[in-house]
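Structure record follows, encoded as structure tokens.
The values are calculated or read from the model by the stated rules, or taken from the named source; none is laboratory data. Just so you know, these numbers come straight off a predicted model, no measurement behind them. Glycine gets a Cβ as well: all are built from the backbone with ideal geometry, and neighbour counts include every protein chain shown. Keep in mind that these areas ignore ligands, DNA and RNA; they rest on the heavy atoms of the full protein, side chains included. Shrake-Rupley method; radii C 1.70, N 1.55, O 1.52, S 1.80 Å.
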Amino acid sequence: MDLTYTDEQKAFRDEVRAFLADKLPKRLSDKVAGGKRLTKQDYEEWHAILNEKGWLGVNWPVEHGGTGWDAVQRHIFEEETTAAHAPRIVPFGLNMLGPVLMKFGSEDQKAHYLPRILNGDDWWCQGYSEPGAGSDLASVKTTAVREGDHYIVNGQKTWTTLGQYANWIFCLVRTSKEGKPQEGISFLLIDMNSPGVEVRPIVLIDGEAEVNEVWLSDVKVPVENLVGEENKGWTYAKYLLTHERTNIAGVGFARAGLENLRRIAGLEQSGGKSLIQNPFFAAKMAQVEIDLMAMATTNLRTIAAAAQGQAPGAESSMLKIKGTVLRQEINALTRQAVGPYAMPFVSEALDEGSNVPPVGPDYAMPATQAYFNNRKLSIYGGSNEVQRQIISKAILEL
Ligand SMILES: Cc1cc2nc3c(=O)[nH]c(=O)nc-3n(C[C@H](O)[C@H](O)[C@H](O)COP(=O)(O)OP(=O)(O)OC[C@H]3O[C@@H](n4cnc5c(N)ncnc54)[C@H](O)[C@@H]3O)c2cc1C
């Protein structure tokens with residue numbers, strides 16, 4: 001298997017680099033590199049820049065306004081944008097709903113919603129999880145009862161990321177209690193401005209409220225907002241999850257985190273020398289770097305296989321575990337590196353233009369927030385324990 005780039009791929013990488021040098025606003029890359037809080041407007045600004053270039057629908061086909069890139073091009077784009085500290089592309093409309101609509105949506109749904117996703121007219125959020133339905137997603141209880149040309153929806157979704165910014169939510173709802181739980185689920189598009197929709201923030205351990213509860217009380221949803229067929233939502237939900245799990249290893253994020261750690265360890269002092277010269281700390285960093293190199297190679301193997309049309313198998317579970325554990329380890333080492341400055345958390349200092357100074361050096365300010373925030377990595381997208389179950393069954397055949 002050839003893991004080196006072809007001349008064409010190298011030329012594409014240069015094109016992406018040139019674009020980023022020219023179009024990525026320094027204001028945004030400074031915020032990302034400095035671990036500052038990004039606003040809704042920041043994400044929208046970056047989406048609009050990518051859309052103007054035709055590079056927002058990274059994994060969309062050309063016929064729907066996407067790039068039509070192959071797996072290697074997508075990987076190069078991902079590597080270069082994270083290395084340049086670009087904001088991430090918010091995945092809910094682009095990486096999750098878009099592909100589902102293209103495959104299972106009606107012609108009207110495609111014509112209406114897909115351009116609006118690219119143009120930033122709609123901000124989507126994902127209404128899968130419920131208090132009793134996370135890993136065991138088929139247990140969703142939110143009901144949608146057909147009454148004439150509407151469904152009446154009642155229930156509660158939870159952990160809805162950036163739901164506070166969204167005007168639409170795609171939901172898994174129960175339309176039948178017959179048969180297996182998977183057989184009574186439908187996939188419904190709900191306008192969050194409808195009467196009966198209430199968004200309540202959940203404050204996480206890092207002090208941020210990036211996730212929400214979404215309460216649905218007698219919400220009237222037109223039947224044309226059903227995607228595909230009634231009670232077939234499980235099939236669409238699973239298809240969406242395969243797209244949610246692309247770039248699962250997060251190699252670019254790990255590299256950016258390690259680079260930041262290396263810079264900090266070069267600046268921090270330990271026993272009269274820089275921390276990076278401390279053999280114990282240097283050994284921990286070296287271990288992370290070795291693990292990262294090994295993971296990056298495995299990742300390239302899966303990309304090479306995908307480029308040849310092979311579907312990723314259980315190795316995506318390995319990448320999910322390795323990638324998330326690695327990023328959490330980098331967060332932990334960064335906290336260690338900044339020592340006592342990891343303790344004070346001045347939330348306001350994360351806002352652009354805030355006149356509240358951080359305690360300690362600038363680079364120490366986001367260390368603890370990032371450490372706590374990234375606890376989520378091993379929970380969402382299929383928890384690491386669930387991934388281990390997949391490995392034990394599919395690879396180890398236990
Ligand atoms: C920050 C964050 C953002 C999120 N954003 C969204 C979103 O936008 N939209 C959305 O729909 N959901 C979202 N989620 C929800 C996420 O998908 C669920 O948290 C995840 O599926 C786990 O479900 P749960 O929290 O109900 O935990 P549970 O499923 O109750 O699991 C509890 C514990 O049991 C373990 N466990 C469960 N089943 C098994 C098993 N079979 N074998 C071994 N161990 C098991 C789990 O690993 C975990 O440690 C988000 C979650 C977080 C933390």
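Some notes on this structure:
- Test: residue in region 306-315 that is open to solvent by less than 50 Å² (accessible area, probe 1.4 Å), more than 16 Å from the ligand (Cβ to nearest atom) and touching a residue at least 60 places away in the same chain (Cβ under 8 Å): yes
- Residue match in region 193-216 (condition: crowded, with 22+ Cβ neighbours inside 10 Å, within 12 Å of the ligand (Cβ to nearest atom), among the small types (Gly, Ala, Ser) and part of a loop (DSSP other than H, G, I, E, B)): no
- Among the residues of region 103-135, those identified as assigned to a helix (DSSP H, G or I) and of a type in the set (A, V, I, L, M, F, W, C) are PHE104, ALA111, LEU114, ILE117, LEU118.
- For the criterion of being within 16 Å of the ligand (Cβ to nearest atom), part of a loop (DSSP other than H, G, I, E, B) and either touching a residue at least 24 places away in the same chain (Cβ under 8 Å) or in contact with a Lys or Arg (Cβ under 8 Å, 6 or more places away or on another chain) (or both), LEU172 fails.
- In region 9-45, the residues that are touching a His at 6+ places or on another chain (Cβ under 7 Å) and of a type in the set (A, V, I, L, M, F, W, C): VAL32, ALA33
- Yes/no for LYS238 being free of Cβ contacts under 8 Å to residues at least 40 places away in the same chain and open to solvent by 50 Å² or more (accessible area, probe 1.4 Å): yes
- Qualifying residue in region 307-319 (condition: at pLDDT below 95, closer than 30 Å to ARG27 by Cβ and not aliphatic (A, V, I, L, M)): no
- Among the residues making up region 1-31, a single one is assigned to a helix (DSSP H, G or I) and of a type in the set (Val, Ile, Thr): VAL16.
- Test: LEU189 is touching a Phe, Trp or Tyr at 6+ places or on another chain (Cβ under 6 Å) and within 15 Å of the ligand (Cβ to nearest atom): yes
- Every pair of residues 6+ apart whose Cβ atoms lie under 8 Å, when the first sits in region 28-52 and is over 18 Å from ALA166 (Cβ atoms) and without any contact (Cβ under 8 Å) to a residue 60 or more places away in the chain while the second is small (Gly, Ala, Ser) and not in a helix (DSSP H, G or I): LEU28/ALA86; SER29/ALA84; SER29/ALA86; VAL32/ALA86
- Extreme residue, nearest to the ligand (Cβ to nearest atom), among residues of region 382-398 that are open to solvent by less than 60 Å² (accessible area, probe 1.4 Å) and of a type in the set (Val, Ile, Thr): VAL386
- Residue in region 218-229 that is surrounded by fewer than 20 Cβ atoms within 10 Å (Cβ to Cβ), in a loop (DSSP other than H, G, I, E, B) and β-branched (Val, Ile, Thr) present: no
- Sole residue being within 13 Å of the ligand (Cβ to nearest atom) and not in a loop (DSSP other than H, G, I, E, B), chosen from GLY155, GLY163: GLY155
- Total residues in region 361-381, condition away from the ligand (no atom under 13 Å from the Cβ), open to solvent by less than 30 Å² (accessible area, probe 1.4 Å), in a loop (DSSP other than H, G, I, E, B) and not aliphatic (A, V, I, L, M): 1
- Selection of region 92-116 for residues being among the aliphatic types (A, V, I, L, M) and closer than 11 Å to VAL227 by Cα yields LEU97, VAL100, LEU101, MET102.
- Qualifying residue in region 136-149 (condition: in a loop (DSSP other than H, G, I, E, B), within 13 Å of the ligand (Cβ to nearest atom), within 16 Å of GLN41 (Cα to Cα) and within 24 Å of the chain's Cα centre (by Cα)): no
- Residue identified as outside any helix (DSSP H, G or I) and of a type in the set (Val, Ile, Thr) among ILE248, ILE276: ILE248
- Scope region 316-331; condition of a type outside the set (S, T, N, Q) and open to solvent by 30 Å² or more (accessible area, probe 1.4 Å); matching residues: MET318, LYS322, VAL325, ARG327, GLU329
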